[in-house]
Amino acid sequence: MATTITSECINCGACEPECPNTAIYAGGVSWELNGATSPAIAQDIYYIVPSKCTECVGFHDHEACAAVCPVDCCIPDPANLETEAVLLARARELHPETTFPDDAPSRFRKEGGGLPAPAGAEAAANGAPVAAKPAPAPAVAPKPAAAPAPAAPVATAPVAAAGLAMMHLPKDIGALPGPVGEKHFPGELDADFESVLARVDGRSSNQAPGWARFLVQFLGKAPLPVLGAMPDSAKAALEEAIGDPPVFSRTRSTALNMVFNLFLYPVLLAMFAVYVLGDIWTSQATGGWIMLGILIATGEAAWRLREGVIHAKPADQLTYRGCWYGLALAPLGSILIRAGGGGRRTERKVAFDGFENTMHEDKTERDRRYGTVYTVAEYSNAYLVRLEMPRKLPPSSLKRLWNLPDEMPDYDYNIMLGDNVIAISASVRGETIRRLSYVSSSFPADFTARIEFGKPVGTFKHRMREKVLEVIVFKAESGELQNAA
C-alpha cells in the first residue's frame, strides 16, 4: 500500500528531503515523472505521488517520511494495497541505474512489517518488472475487491472530505481590510509623537562610576585622532554609547586620525633612517623617508575611504575604517562604550537563516509574523522600541486562487504597559487573511511580543509608520507621568 499524507499535515517540510524517490511535493506544486508534468494532488498540504512511492522498499526497512513526521500524518493508504514485489519492481523502474537485489531492505521483512497481500496480488507482482510505464497503479486498481472492504472507506473519508473542501473554496473573498486608523491606549501621552521624541535625552545615562565618566568626558574629547584608528564598528558603537556628537563622532575622529597619520608616519620613518640606518636628520636620504611616510599615509587614507574616493558615495554611506594600529585600542574603546551608558541597544531577529529554495521565503519576513523582529534602544530617560510588522503575504495556493496581492494588510494591534514590561499584541484583520493563516505555514493569525526593560517605566507614546511600530517608553524616574492621558 502506498503511503499517504493526511489533512493533519502542518507543512513543516521535514518529509520532502527524506524521500529517495522524490515522490513528496508541497501543496499546489506540480509533480513530474519521466519528463511529464502532472497537476498537484493536494493544494495546501504536502502530498505523495502513489506511482512514485515505493514505501522505501529497496532503500530502508522503514518508511523514511513517517520516521521524521512530527505529527504522524504519513500513514499507509488502505485504499492502495501493494505487495513487496510490486514496490520493488517500481523501485527498479524509477532507478534503472541502481541494482536492487531480491532481498533489498524492506519494511515487509521486519516482524509485522507487511500486511497480508490481496488474493492474486503475488501473481500480478511477478509480471511487474516487465509492466508498462504507467506502473503499478492501474495493475493494482482491480485488486482491492479481495482486501477488507470496510477499511478503505473509513480511512479515506477524511482525506476525501478534505480534498472536496479544498476544491470548493469560495472565490468571492470581498474587499481586503484597509489601513488601521490612529489609536490611543490607556497610559499613553496626549502629545504628538515628534514632540514626545524631542523629550528623549540622547546623552549618556550617567550610570557609570565616576572614573568611567571621567574617561568619557576627557578621553572622549582629547585623543580623537587616536580613537579614529579603531575599526568602524567600534567607532560606531562608541558614538552611540556616548550619544553626544560634539564629544565623539566616528566621522570627525577618522578624519583627524588620517591627518594625524600624515605626521606620525613620516616621523616614524625619519627616526628609522636616523637611529637605525645612521642617516642625518637634515640629509637628503632622510627627506626621502619622510616623503615615503606622507605617501603611505595618503594612500592608506584613500583606501580607508575608498567608497567615497572611487565611487563618490556621500559621507553617510561610507565605511570609516580603522588603520593598522587601531586593533590595539580595542580595549580602550570597550571601556568607553561601557562607560557611555546611553543608547544601549538590543535586537531580536532571525537567529538561523537555514536553507532556501524557490519554495521557501525570507526568514526575516517569517519572523515578523511571530513578532520577534524588533530593536530596543536605551537612553538616559527613555527606551525606544521599534517592532517590524509583517509586510508580505506568505506564498500559498489559496493566495493564487484568490488572486491576493503580495502586500500584507495592516494588522490590528494593542499596547499594554506594566511596571517594567511592555506587551504588544497584534492580529490579522478580515476573514480572508485569517483563513489564509489557517492553511499557510509559519503564519499565525495573532502574536504577542513581550519586552522587559531593566528599569520601571511609567508612560509611553507610539506611532505606526510604514509597517513599523515605534514606541517611546519613558522611565518612571523621568518625570513624564503627569503628561499621561
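Across the stretch 85-93, rounded Karplus estimates of 3J(HN,Hα) from the backbone phi angles (6.51 cos²θ - 1.76 cosθ + 1.60, θ = phi - 60°) give 5, 5, 5, 5, 4, 5, 4, 5, 6 Hz, Gly and Pro being marked x.
Qualifying GluC sites (Glu not before Pro) in the stretch 19-105, where qualification requires a DSSP coil assignment and no more than 11 other C-beta atoms within 10 Å, comprise E97. Largest first, the extents of the alpha carbon coordinates of the stretch 1-53 on the three principal axes equal 30, 21, 20 Å. The slack between V68 and L277, meaning 0.36 nm per residue of separation minus the straight C-alpha distance, is 68.0 nm. Here the scattering of the stretch 232-326 is modelled by Debye summation over its C-alpha atoms, one equal scatterer each and no solvent; at q = 0.12, 0.21 Å⁻¹ the log10 of I(q)/I(0) is -0.49, -0.98. Between E477 and D61, the simple spin-label model (points 7 angstrom out along Cα→Cβ) gives 6.8 nm. Projecting the alpha carbon convex hull of the stretch 1-117 along each direction and taking the average yields 7.1 nm².
Shown here for the stretch 244-285: chymotrypsin sites (Phe, Trp or Tyr not before Pro) in loop regions (DSSP other than H, G, I, E, B) with at most 14 other Cβ atoms within 10 Å, namely W281.
Modelled spin labels at N403 and L197, positioned 7 Å past Cα toward Cβ, are 4.0 nm from each other. Taking θ as phi - 60° and the Karplus parameters 6.51, -1.76 and 1.60, the scalar couplings of the stretch 229-238 work out to 7, 5, x, 4, 5, 5, 5, 5, 5, 5 Hz in sequence order, x denoting glycine and proline.
Around the amide H of N11, modelled in the peptide plane, lie the amide H atoms of Y46, all under 5 Å away and 5 or more residues distant in sequence or on another chain. Scanning residues 5 or more positions from A2 or on other chains, those with amide H under 5 Å from its amide H are D77, N80, E82, with H placed 1.01 Å from N in the peptide plane. Looking at the P(r) of the stretch 370-436, how many percent of alpha-carbon pairs lie beyond 21 Å? Tail fraction, whole percent: 39.
For A445, nonlocal amide neighbours, meaning residues 5 or more places apart or on other chains whose placed amide H falls under 5 Å from its own, do not occur.
Pairs exceeding a 25 Å alpha-carbon distance, out of K183/K363; K363/K475; K183/K392; K363/K467; K363/K455; K313/K363: K183/K363; K363/K475; K363/K455; K313/K363. Couplings for the stretch 196-201, taken from phi via the Karplus curve 6.51 cos²θ - 1.76 cosθ + 1.60 with θ = phi - 60°, read 5, 4, 5, 7, 5, 8 Hz in order; Gly and Pro are left as x.
Throughout, read-outs are computed from the coordinates displayed, never taken from laboratory work. Since the model is a prediction, treat every value here as computed from it, not as a measurement. With ideal geometry, Cβ positions are generated from the backbone for all residues, glycine too; neighbour counts draw on all protein chains shown.
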